[in-house]
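Visitor: This is the structure I want to talk about, given as structure tokens.
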Amino acid sequence: MTNQVPRGPAPASTGRDDQRGSHPSGRRPKRKGFVSVLSDLKDIVTSIAGIITVIVSLLATLGVGFAVGHTVAPPSGSASTPPLTVFHTVTVTVPATNAVNPPTSSSAPGTTNLSALQPVETKGPVGSLTTGSEQIGTQPYPNSVRFICNSSGSTGSGDVVYDVAGFKFLDTTIGIPSDSSTAAGNTMNITFLKDATTQLGSPINVVLGQPQPVRLDLQGATQLEIQCSGTSNITHNAAQMDVALGSATLGSS
């Protein structure tokens, strides 16, 4: 007969076996260290920075000014310094491709360039009327009116007539264009008439290289008649000549 040795009570469970049994490897999973957590945070911030970069690119096409930031990682091996985010102000300027420029005028407010008007009529020996920039002496004059007087070689005066209703003054510089081939030794006489009946101001005589500024009171004229006559200083006969009204403007005040 076999004697059985009595066994003592089973040792109390410490709970470790149960914890081991809850994991396939039988070991408790290790907790992540603080440096590992910082690395994960760095990856997350980097991803966010990438998203911000895309947003910046989209907003740049709209010409928007804004502030953006990027993350600066701490020195390698440092576990006490968190990542830093540095912000920069970004201003994006995009040219407006469809912008409409406001209309501009070559004359001052309340004025009209005489060169922008078509003559009502021309009379007598007047021809080759042109508009644009003219040089009189050494000075260029934009928005000028130029024509030839006595262009047919006939005697008498020529006339250019403009509708000036509503305007009060004519401002211009009258002279002989510097490139005129018919000016040497000749004089141009200019007389202004109101509605073909009343003389306005005194007649003006101009020669090559001596332009004269003029401010003419239109005295309520409906039509302004510019009467011209070229004369040879040697023979005193009619002479064909160019004349220009430099930067001529009509003012309403």
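Visitor: Of the residues in segment 190-209, how many are open to solvent by 60 Å² or more (accessible area, probe 1.4 Å), under 20 Å from Ile176 (Cα atoms) and touching a strand residue (DSSP E or B) at 6+ places or on another chain (Cβ under 7 Å)?
Guide: Looking only at that region, the number is 2.
Visitor: Inside segment 228-251, can you point out the residues that are polar (S, T, N, Q) and open to solvent by less than 50 Å² (accessible area, probe 1.4 Å)?
Guide: Ser229, Thr231, Ser232, Ser247, Thr249 - these are the residues of segment 228-251 that are polar (S, T, N, Q) and open to solvent by less than 50 Å² (accessible area, probe 1.4 Å).
Visitor: Tally the residues that are surrounded by fewer than 18 Cβ atoms within 10 Å (Cβ to Cβ) and in a strand (DSSP E or B), restricting the search to segment 113-143.
Guide: Of the residues in that region, 13 qualify.
Visitor: Within segment 145-165, does at least one residue satisfy the condition of being at pLDDT 90 or above and assigned to a loop (DSSP other than H, G, I, E, B)?
Guide: Yes, segment 145-165 has at least one match.
Visitor: How do the strands (runs of 3 or more DSSP E) wholly within segment 196-247 filter down when requiring 1 or more residues that are at pLDDT 90 or above and over 38 Å from the mean Cα position of the chain (by Cα): which remain? Give the derivation first.
Guide: Values: elements: 198-206, 212-217, 223-232.
Output list reads 198-206, 223-232.
The values are calculated or read from the model by the stated rules, or taken from the named source; none is laboratory data. All values reported here derive from a predicted model rather than from experimental measurement. Virtual Cβ from ideal backbone geometry, glycine too; neighbours counted across all protein chains shown. Accessible surface areas use protein heavy atoms only, side chains included; no ligands, DNA or RNA. Shrake-Rupley method; radii C 1.70, N 1.55, O 1.52, S 1.80 Å.
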